[in-house]
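J.: Would you mind keeping the following structure in view while I ask a few things?
The values are calculated or read from the model by the stated rules, or taken from the named source; none is laboratory data. For clarity, every value in this text was computed on a predicted model and none was experimentally measured. So basically every Cβ, Gly included, is an ideal-geometry build from the backbone, and we count neighbours across all protein chains shown. Surface accessibility is based on the protein's heavy atoms, side chains included, excluding ligands, DNA and RNA. Shrake-Rupley method; radii C 1.70, N 1.55, O 1.52, S 1.80 Å.
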Amino acid sequence: MPSVQMRSSPSVSPPRTVTDLKQRVIACLNRLSDRDTQSLAAAELDSIALNLSPEAFSLFINCLQTTDSSAKSPVRKHCVSLISLLSRSHGDSLAPHLPKMVSTILRRLRDPDSSVRAACATASVDMTTNITELPFSVLAGPMIEALIHDCDANAQIGAAVCLAAAIDAADDPDVEQLQKALPKIGKLLKSEGFKAKPELLGAIGSVIGAIGGRNSDKAVLDWLLPNVLEFLSSDDWHARKAAAEAVARVATAEEELAPLYKKACLALLESRRFDKVKLVRETMNHTLSLWKQLGDDSPDSSSLSKSVSTGKGINTLKSKENNPNVPTSSKLNDDEAAESKEKRPLGTRRVLFPAKPKVKENRSNKSQVVAVVQSSDEEEESSSSSQTKNAEEELSLIRNQITQIEKQQSSLVDLFQRFMESSQNEMQSLGRRVRCLETSFSVLSTDLLVSRTITQNGTHKRNAHLQN
């Protein structure tokens, strides 16, 4: 490489080498914006990053940091990818420059292009796994601050995804730092200004999994878990899926505290296991199986289970308004019955519950009473069997609707794939036609040039003959 020759040549001074490297990197970044030179410029930048010396790390990172939102999307994405390449190729040699690399990633979290934010998450994983000389807090601290304080929706999505990816990839995360940050992150679930709720739920699940039950705080889970469970009934299926995954993290990580919430969590997961989206339905069933594998509740878990079931009561009342066949909890029914008994006058009680007539002790009356009891038992059995049949019919109807939706989704995917294939074929045929036109145009221009040359030669000969 030319840069390697410049570093090894004794006749070139270090300032000149630094200047040449900076100009070369900036020129390659400018060529990334052009589609014709994009691949060559990307390959050259990758080669420069692989062959950098430790003295040139700071200059190279500064050049990557100068790109802003006015640059094109391929330029912004490749600058972030170069951070990943640096981390993988140079490892702990980049430890003094890790804060600057993290700030470069944080500048790109506001990017409207989702591919750039995905590249930021990949870079976070590469920095976490390859630069291990510094503590994990150097990387996670700025991301937590950006997640809590940034009001931009894209930055919230990017910060949550990057934090979750870094935590999952870390071999030894800072548990104490994550424990302190969990209440602050959990409060964002109730914030109306925070829009990236599915990504936030994923980050919360990663934090719970990293803590792994080590010095877990019961009070934090007492208010955090009900807030997470409320998103199992969200209108956004991404939020429902992320909430189910976070609840699964609680079941696997909190081995001591999770059984305290088993009853309330099982009740909610049972009610949501027939989700209309297949991915959410599979996640719900997987989470439900994890919670069923836990032990029984502890004897002193009644108060904690009530705090978890608060969100369930609200969701159950809402579903009761939409569907009167859904039963509410027994406690609510008991309260309503007690209130109705207090408000009901004495006359009404006598009408609803008339006094039992005195039965004479003879065989005919006894036979009548037995017949009435038997008929009432038969009516109850028939009503219960009819209710069971209705429930089975409704379940079969729901299953049929779910299968129809899945078939429609698969047909749409097939249609989209056929459309993409036809588009690619048309683009290829168009490219062939363009190449044919270019070939014919070059042949015509050659023929025209030859004919013009012949004509000029004939004219010169004619003029020379006339002069003679």
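J.: Name, by its number, the condition in (1) in a helix (DSSP H, G or I); (2) buried (at least 19 other Cβ atoms within 10 Å of the Cβ); (3) out of contact with any His (no Cβ under 7 Å at 6 or more places or on another chain) that does not hold for P173.
T.: (1)
J.: Given the conditions (1) of a type outside the set (S, T, Y); (2) in a loop (DSSP other than H, G, I, E, B); (3) buried (at least 21 other Cβ atoms within 10 Å of the Cβ), and given that D68 satisfies all but one, which numbered condition is not satisfied?
T.: So the condition that D68 fails would be (3).
J.: Could you identify the single residue in K180, K195, K190 that is in contact (Cβ under 8 Å) with a residue 24 or more places away in the chain, farther than 18 Å from H238 by Cβ and surrounded by fewer than 20 Cβ atoms within 10 Å (Cβ to Cβ)? Give the steps one after another, and end with the answer.
T.: Details: K180 fails: in contact (Cβ under 8 Å) with a residue 24 or more places away in the chain; K195 fails: farther than 18 Å from H238 by Cβ.
Going through K180, K195, K190 in turn, the sole match is K190.
J.: Shifting gears a bit: Mind listing whichever residues of the stretch 410-447 are of a type in the set (A, V, I, L, M) and either open to solvent by 100 Å² or more (accessible area, probe 1.4 Å) or outside any helix (DSSP H, G or I) (or both)? Explain how you work it out, then say what you get.
T.: Of all residues in the stretch 410-447, those of a type in the set (A, V, I, L, M) come to 412-413, 415, 420, 427, 430, 434, 437, 443-444.
L412, M427, L437, L444 - these are the residues of the stretch 410-447 that are of a type in the set (A, V, I, L, M) and either open to solvent by 100 Å² or more (accessible area, probe 1.4 Å) or outside any helix (DSSP H, G or I) (or both).
Rundown of residues vs (1) within 30 Å of W223 (Cβ to Cβ); (2) outside the structural domain of S206 (by the TED database); (3) open to solvent by less than 10 Å² (accessible area, probe 1.4 Å), yes/no style:
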{"site": "L106", "(1), (2), (3)": "yes, yes, no"}
{"site": "T129", "(1), (2), (3)": "no, yes, no"}
{"site": "M143", "(1), (2), (3)": "yes, yes, yes"}
{"site": "A166", "(1), (2), (3)": "yes, yes, yes"}
